[in-house]
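Please read the structure below before turning to the comments.
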Amino acid sequence: MVRTPLTPWERQRGERFGALLRQARGERSMVEVAAAAGVSAETLRKIETGRAPTPAFFTVAALAAALGMSLDELAAACAEAADEEQRALTA
């Protein structure tokens, strides 16, 4: 199966998502959060840096739980970041 290349918007969304996860992680180490979520630290690093811009749903759900966030909170934060980015581009 051939994977369709990501659009620039999808890449930006992944970068925003990664930045939100990094912010939510706060002072906790990447290893600590990854272990709590049941993913590798390398996977979390790739998500946080935008190198894995489309993580699987269950990975996102596990990270949200490990960070004490609901999926609704995470989605709302991503939407806010996208709205702020759009406003900055049109200003």
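With every protein chain in place and a 1.4 angstrom probe, the accessible-area ranking of Met1, Met69, largest first, reads Met1, Met69. Under the combined filter of DSSP loop state and at most 15 neighbouring Cβ atoms within 10 Å, region 9-91 retains these trypsin sites (Lys or Arg not before Pro): Arg28, Arg51.
Using R0 = 30 Å, the C-beta based FRET efficiency linking Phe58 and Thr90 works out to 0.25. Multiplying the residue separation of Glu15 and Ala41 by 0.36 nm and removing their Cα-Cα distance gives an extension gain of 7.6 nm.
Neighbours of Ala37 by Cβ distance under 15 Å: Lys/Arg scored +1, Asp/Glu scored -1, total +2.
Overall, the accessible surface of region 1-68 at a probe of 1.4 angstrom is composed of carbon and sulfur to the extent of 58 percent. Pairs of Cα atoms nearer than 8 Å and 6+ residues apart set the relative contact order; for the chain it is 33 percent. Normalised per residue, the accessible area of the chain is 66 Å², obtained with a 1.4 Å probe and no contribution from ligands, DNA or RNA. Where q = 0.19, 0.24 Å⁻¹, what log10 of I(q)/I(0) comes from the Debye formula for the chain, counting one point per Cα? Debye intensities relative to I(0), on a log10 scale: -0.87, -1.25. Fully extending the segment from Val2 to Ala75 would add 23.5 nm, taking 0.36 nm per residue of separation and subtracting the current Cα-Cα distance.
The values are calculated or read from the model by the stated rules, or taken from the named source; none is laboratory data. This one's a predicted model, so the numbers in the text were calculated from it and none came from an experiment. Backbone-built Cβ (ideal geometry, glycine too); neighbour counts: all protein chains shown. These area figures cover heavy atoms from the full protein model, side chains too; ligands, DNA and RNA do not enter into them. Shrake-Rupley method; radii C 1.70, N 1.55, O 1.52, S 1.80 Å.
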